[in-house]
Amino acid sequence: MKIKTKSKKVNKAWLHDHMTDPYVKLAQKEGYRARAAYKLKEIDEELKLLRPGQLVVDLGATPGAWSQYVRRKFAPKQAGVGGAAVGALDGTIIALDILDFEPIEGVTFIQGDFREDAVLAQLKEAVAGRPVDVVISDMAPNLSGIESADSARIAHLVELAVEFSQSHLQSEGALVCKVFHGSGYSQLVELFKKTFRVVKPIKPKASRDKSSETFLVGIGLKKA
């Protein structure tokens, strides 16, 4: 019984934090599906990564807040209102996730596990040989609570995103990748430094203080 009571208290505390969170309120007001949109917005405003006309690949896209943000960047100003802007779209967005994804006009969605070769082949087919301008990855594995196992799962997803970027990014392209501080973090920073000319770790204000998440941004591929 004590365990259940504690669980209820935790759930209640999380619900309270969630409902009073200013970014949750802002997302509801501005029509974003999740507060995560403001993490990408902050990174983009600092580094000026996203511009109309680009090809962007969104990994771990569900529920779609990052694709919504990119969609608005690509939409004509008069159409850029509401959750997912409607009308003309100056740019291409390809989103991928293992979970269901509520459609966003103009966004191509592939459902599947990025770790599987068949799914990666589908993504490559959608890219169709075009150079990708920006890869954004909010992918995270289901965490077990066992640090060594979780670190390995996180690292594997980041390594796959880096590999995809090496194969498909244009030379001045960028990768934005969610990572977590802790075991294995310094190795991921080193991987980014080996791969990209410019590497910036960013902890957006919209990322909760309690969370160990941060984002690594790599810009400009180093020549192999």
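Positive-end ranking of SER148, VAL119, LEU89 along the dipole of the chain, with charges on Cβ about the Cα centre, is headed by SER148. Taking the chain as a Gaussian network of alpha-carbon nodes connected by springs under 10 Å, the highest mean-square fluctuation of the residues PHE192, PHE164, PHE74 belongs to PHE164.
Annotation: amide H-H contacts under 5 Å for PHE180 (H modelled 1.01 Å from N, sequence separation of 5 or more, or interchain): THR214.
For the chain, which longest stretch is free of loop sites, where a loop site is one of the GluC sites (Glu not before Pro) that DSSP puts outside H, G, I, E and B and that has at most 12 other Cβ atoms within 10 Å? Here the longest segment lacking exposed loop sites spans 117-224. Between ASN11 and LYS48, the modelled labels are 4.9 nm apart [label points 7 Å from Cα along Cα→Cβ].
Rounded to the nearest 5, the antiparallel percentage of DSSP beta bridges internal to the stretch 33-221 is 40%.
Build a GNM of the chain with springs between Cα atoms under 10 Å: which of ALA155, ALA88, ALA75 gets the top mean-square fluctuation? Per the Cα network of the chain with a 10 Å cutoff, ALA88 tops the list. Calculated from the structure, volume of the Cα convex hull per residue in Å³ equals which of (1) 134; (2) 121; (3) 169? The listed entry that was calculated here is (1). Normalising the average separation of contacting C-alpha pairs (under 8 angstrom, six or more residues apart) by the number of residues puts the relative contact order of the chain at 16 percent. Based on DSSP H segments of at least four residues, each scored -39500 (n - 2.57), the chain has a per-residue ellipticity at 222 nm of -13000 deg cm²/dmol.
Between VAL162, VAL119, VAL132, the Gaussian network model of the chain with springs among Cα atoms under 10 angstrom shows the greatest mean-square fluctuation at VAL119.
Given the peptides 63-69, 214-220, arrange them by the average over their residues of other C-beta atoms within 10 Å, most packed first.
63-69, 214-220
Note on GLU105 and SER167: the extension gain reaches 19.6 nm, defined as 0.36 nm multiplied by sequence separation minus the Cα-Cα distance. Projecting the Cα atoms of GLY129, SER211, THR62 onto the charge dipole of the chain (Cβ charges, centred on the Cα centre) puts SER211 farthest toward the positive pole.
A short reminder: the numbers here are calculations on the coordinates, not readings from a lab. As the structure is a computational prediction, the values presented were derived from the model and not from experiment. Cβ atoms come from the backbone with ideal geometry, glycine included; neighbour counts cover every protein chain shown.
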